[in-house]
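The values are calculated or read from the model by the stated rules, or taken from the named source; none is laboratory data. None of the values given here were measured: they were computed from a predicted structure. Neighbour counts run over all protein chains shown; Cβ positions are idealised from the backbone, glycine included. Ligands, DNA and RNA are excluded from the accessible area calculation, which covers all protein heavy atoms including side chains. Shrake-Rupley method; radii C 1.70, N 1.55, O 1.52, S 1.80 Å.
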Amino acid sequence: MFKRSMGVAVAMLIMAGVMVGGCGSSGSSVGSDSPRIGVIQPVEHPALDASVKGFVDGLAERGYKEGQNITIDRQNAQGDHANMESIANRFVADNDKLVFAVATSAAQVMANKTKDIPIVGAAIFDYKKADLIKDMKAPGTNVTGVTNFNPLEKQVDLILKVMPSVKEIGVVYASSEVNSQAQIEAFKAYAAKKGLNVTEGTITSVNDIQQVAQNLVNQGVKAIFVPTDNLVASAMPNLTAVTDAAKVPVFIADDNLLSGGGLMGYTVDYYKLGVQAGHMAADILDGKKKPQDMPIQMQDMMKLAINNSQLMKLGITVPADVPKEAK
């Protein structure tokens with residue numbers, strides 16, 4: 001009886017150890033001399049998942065193949081900050097060779113835990129404002145990576161091309177997202193130069209999004225812009241359920257939001273940025289470069305993504321002078 005109780009207790013402890021730090025998988029196990037790479041993301045949604053897939057593929061293109069000569073420990077915090085803390089602590093305790101941090105919050109948590117392990121970031125708009133680096137061209141810390149910077153001036157110009165008479169624009173973003181705040185500041189500054197009034201709608205959880213959207217509609221906004229924001233992205237249909245009923249189009253900076261009812265916008269390709277990050281990580285693993293000396297990289301070409309079914313639903317016609325690169 002005593003032996004059986006001990007066995008059950010040990011099993012429960014092992015299960016608890018596996019559960020700490022959110023959901024994830026370590027991938028295929030390889031030799032102990034092979035590099036171990038941690039992957040941390042705050043929540044699951046298509047843009048972040050595409051970044052991770054691109055990162056793994058980018059590493060493979062450089063000869064670092066999961067299950068053959070590297071182990072990749074993927075961890076998702078499931079939207080829980082305490083989980084991110086646990087994941088970061090685990091990566092440090094495991095002495096991972098490198099960490100891929102997807103999104104600003106994940107990179108900030110990881111950077112607070114270690115100044116030695118190289119951190120390559122993705123899905124981060126402004127590394128400097130997030131206090132992750134000292135300079136975009138020479139980070140000066142153990143953090144480098146790729147930025148999901150998008151041309152916010154072009155976003156404003158696009159709205160004006162499609163809706164030339166618009167004067168009132170709403171923006172929706174998470175108040176806790178440094179990444180989103182930086183985008184909205186730039187968006188508002190340029191919009192003001194164009195004579196537009198911008199009304200902010202901030203959320204702290206997905207439960208806020210419908211009420212915030214309704215408030216913006218009630219205040220008379222004629223269009224809404226959503227930056228690259230993890231929280232909004234995870235509940236985009238909740239937003240468009242309100243805006244569609246009011247015939248208010250939602251312009252986006254992430255093409256993954258089209259499936260949730262976004263209308264159009266200049267967007268980055270998160271998969272390709274992930275591949276870029278994988279190549280940067282390979283340079284570090286090869287010993288060719290160090291994070292502190294590696295400039296933050298961005299995508300060379302933005303694409304204009306358009307949701308044709310949403311155009312029809314809202315009765316919007318795209319002017320002929322809208323760029324041909326729309327997809």
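For Asp73, the criteria (1) more than 18 Å from Ala253 (Cβ to Cβ); (2) out of contact with any helix residue (DSSP H, G or I) (no Cβ under 7 Å at 6 or more places or on another chain); (3) not in a strand (DSSP E or B) hold in every case but one, which is (3).
Taking the numbered list (1) modelled with pLDDT of 95 or more; (2) out of contact with any Pro (no Cβ under 9 Å at 6 or more places or on another chain); (3) open to solvent by 60 Å² or more (accessible area, probe 1.4 Å) in turn, Ala213 passes all entries but (3).
Is it the case, given these coordinates, that Lys65 is of a type outside the set (Asp, Glu) and without any contact (Cβ under 8 Å) to a residue 12 or more places away in the chain? Yes, satisfied. I'm told Lys134 meets every condition in (1) in contact (Cβ under 8 Å) with a residue 60 or more places away in the chain; (2) open to solvent by 40 Å² or more (accessible area, probe 1.4 Å); (3) within 21 Å of Met294 (Cβ to Cβ) except one. Can you identify the failing condition by its number? Going through (1) in contact (Cβ under 8 Å) with a residue 60 or more places away in the chain; (2) open to solvent by 40 Å² or more (accessible area, probe 1.4 Å); (3) within 21 Å of Met294 (Cβ to Cβ) one by one, Lys134 breaks only (1). Against the numbered list (1) farther than 18 Å from Leu160 by Cβ; (2) touching a helix residue (DSSP H, G or I) at 6+ places or on another chain (Cβ under 8 Å); (3) free of Cβ contacts under 8 Å to residues at least 12 places away in the same chain, Tyr271 comes up short only at (3). When we screen Ala213, Ala241, Ala245 for residues that are free of Cβ contacts under 8 Å to residues at least 24 places away in the same chain and farther than 26 Å from Gly121 by Cα, the only hit is Ala245. Hey, any hits in region 299-314 for a residue that's more than 24 Å from the chain's Cα centre (by Cα), closer than 16 Å to Lys161 by Cβ and touching a residue at least 12 places away in the same chain (Cβ under 8 Å)? Yes, because at least one residue in region 299-314 is more than 24 Å from the chain's Cα centre (by Cα), closer than 16 Å to Lys161 by Cβ and touching a residue at least 12 places away in the same chain (Cβ under 8 Å). None of Ala122, Ala47 is under 25 Å from Thr267 (Cβ atoms), in a helix (DSSP H, G or I) and of a type in the set (A, V, I, L, M, F, W, C) except Ala47.
Filter region 137-164 down to residues that are modelled with pLDDT under 95 and assigned to a loop (DSSP other than H, G, I, E, B) and give me whichever is surrounded by the fewest Cβ atoms within 10 Å (Cβ to Cβ). The qualifying residue surrounded by the fewest Cβ atoms within 10 Å (Cβ to Cβ) is Pro151. Residues considered: Asp96, Asp116, Asp57. Of these, the only one that is under 25 Å from Lys288 (Cα atoms), open to solvent by less than 10 Å² (accessible area, probe 1.4 Å) and either part of a loop (DSSP other than H, G, I, E, B) or out of contact with any Phe, Trp or Tyr (no Cβ under 7 Å at 6 or more places or on another chain) (or both) is Asp96.
How about region 176-209: which of its residues are open to solvent by 50 Å² or more (accessible area, probe 1.4 Å) and either of a type in the set (Gly, Ala, Ser) or over 24 Å from the mean Cα position of the chain (by Cα) (or both)?
Within region 176-209, Ser176, Ala189, Ala192, Lys193, Lys194, Asn197 qualify.
Against the criterion of being open to solvent by less than 30 Å² (accessible area, probe 1.4 Å), out of contact with any Phe, Trp or Tyr (no Cβ under 6 Å at 6 or more places or on another chain), under 30 Å from Ala60 (Cα atoms) and of a type in the set (A, V, I, L, M), Ala233 qualifies.
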